[in-house]
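The values are calculated or read from the model by the stated rules, or taken from the named source; none is laboratory data. Keep in mind it's a predicted model, so treat the numbers as computed, not measured. Cβ: placed from backbone, ideal geometry, glycine included. Neighbour counts: every protein chain shown. What goes into the accessible areas is simple: the full protein's heavy atoms, side chains included, and nothing from ligands, DNA or RNA. Shrake-Rupley method; radii C 1.70, N 1.55, O 1.52, S 1.80 Å.
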Amino acid sequence: LRATDTFNLRGGGSLGHTVGLVNAFESCNSPVTFFGIDKLRGLKASKQIIVDPSVFYNLINIFGRFSYNKKMISRASEIIKNEDYKYIYQRASRDNYSGVALSKRFGIPLVLEFNSFLSWELDGANHWVHRLFTSATAKIEHFNLINADIILAVSDVLKYQLIDSGYDAQKILVAPNGVDVKRFSPNPPSSKDFKKIG
């Protein structure tokens, strides 16, 4: 479940991470139904359900995100009620609680991938609008963390930050971020590349 409010991405960490995880599950004969805000290049999920944002959603405000929660929960419920899912895996994103709602509704364990505290990220936001609803964002984030069956932290440091913040150490696993060296080469750019980019 990827409900981040950045859509139509062509590259970047969140996209690479999501595609890498889904494709890894699929390669282990674990079919995945991907619910997302847009199609991701290179994704090999068995089934892809795209839940488009509303026209107003690209204003990227808390009300648009709440509206998207409702839309995602409704669309995913239509699919989930007719299938047998072992768990819901959600990449945590700002103001999105659809994973918890679906987990509670259907009794499916929720694995919440946690990359950082959003309130910390928003403290450094440039625009005052992004900081305006930081308190609400922190409450939704807390709601997601306490209701997740497993919290998958991307580093030991983040795990200890979660424990220090009062979250149950027993349900926190660490899966460190990594690089697929078949896709991302450590070789430096060639002189032709330097010319091309100026």
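Quick notes on this one:
- Every pair of residues 6+ apart whose Cβ atoms lie under 8 Å, when the first sits in the stretch 83-106 and is of a type in the set (Val, Ile, Thr) while the second is part of a helix (DSSP H, G or I): Ile88/Gly99; Ile88/Leu102; Ile88/Ser103; Val100/Phe143; Val100/Asn144; Val100/Asn147
- Inclusion of Lys70 among residues that are at pLDDT 95 or above, within 18 Å of Phe35 (Cβ to Cβ) and either open to solvent by 40 Å² or more (accessible area, probe 1.4 Å) or of a type in the set (D, E, K, R) (or both) is not warranted.
- Considering the stretch 98-155, and only residues there that are of a type in the set (Phe, Trp, Tyr) and modelled with pLDDT of 95 or more, the residue that is surrounded by the fewest Cβ atoms within 10 Å (Cβ to Cβ) turns out to be Phe143.
- Qualifying residue in the stretch 41-48 (condition: in contact with an Asp or Glu (Cβ under 6 Å, 6 or more places away or on another chain), more than 20 Å from Thr137 (Cα to Cα) and at pLDDT 85 or above): yes
- Selection within the stretch 7-30 - at pLDDT 85 or above, of a type outside the set (Ser, Thr, Tyr) and surrounded by 11 or more Cβ atoms within 10 Å (Cβ to Cβ): Val19, Gly20, Leu21, Val22, Asn23, Ala24, Phe25, Glu26
- Extreme residue, most open to solvent (accessible area, probe 1.4 Å), among residues of the stretch 174-192 that are of a type in the set (S, T, N, Q) and out of contact with any His (no Cβ under 8 Å at 6 or more places or on another chain): Asn187
- Close pairs from the stretch 31-47: first in contact (Cβ under 8 Å) with a residue 40 or more places away in the chain, partner open to solvent by 30 Å² or more (accessible area, probe 1.4 Å) and part of a strand (DSSP E or B), Cβ under 7 Å, at least 6 apart: Thr33/Lys47
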